[in-house]
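Trainee: Mind having a look at this structure? Questions to follow.
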Amino acid sequence: MKWFARRQSADIWDEPIQGPIGDIEAAERIRHICETARAGAEAVGGSARTAERERERERERYERAARVAMEIAMKIADDLMRDDAVRRIVDLCMKADDAKTAQILFRAIQAGWVREAVQRDYPALAQ
């Protein structure tokens with residue numbers, strides 16, 4: 001019975017972008033993606049006792065969210081807006097215990113004060 005079947009809600013990172021977007025809209029979209037994917041990333045990276053199937057599903061959602069956010073961030077022309085967006089993605093990666101991706105993104109941050117803030121929050125990335 002399809003009437004009672006649950007519909008999968010589309011995640012914001014799966015929604016197509018309608019036309020070109022500016023830096024402000026891109027930064028806002030990345031912020032929203034990271035906020036939405038945060039709970040799933042915490043489930044992936046945390047020690048929460050979740051079923052293996054659920055954890056794999058959350059990992060897949062996190063990876064899609066991070067990939068889309070990185071693709072959007074690469075298109076931001078303003079350096080400070082891009083660095084702030086990358087910082088949010090680094091936070092998301094660290095919640096998911098994905099230090100390898102976070103380290104790569106950390107190296108892409110150019111603004112000194114943003115790098116210092118990330119180092120303060122995640123000292124392991126500074127190595």
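Bear in mind that the values in this text are calculations on the coordinates, not laboratory data. The shown structure was predicted, so the numbers you read here are calculated from the model rather than taken from an experiment. Counting neighbours? That spans all protein chains shown, and the Cβs are built from the backbone with ideal geometry, glycine included.
Trainee: Hey, if you put +1 on the Cβ of every Lys and Arg and -1 on every Asp and Glu Cβ in region 22-126, which of P123, H32, V86 ends up farthest toward the positive end of that dipole?
Mentor: It is P123, whose Cα lies furthest towards the positive end.
Trainee: Report the extension gain between A51 and I17 in nm, rounded to one decimal, defined as 0.36 nm multiplied by the number of residues separating them, less their alpha carbon distance.
Mentor: Values: separation 34, 0.36 × 34 = 12.24 nm, distance 3.31 nm.
Here the segment from A51 to I17 would lengthen by 8.9 nm.
Trainee: Sticking with this one: Can you compute the charge dipole magnitude of region 22-126 about its Cα centre, using +1 on each Lys and Arg Cβ and -1 on each Asp and Glu Cβ, nothing else charged? Give it in debye, rounded to the nearest 20.
Mentor: On the way: 20 positive and 21 negative charges, 55 e Å.
Here region 22-126 has a charge dipole of around 260 debye.
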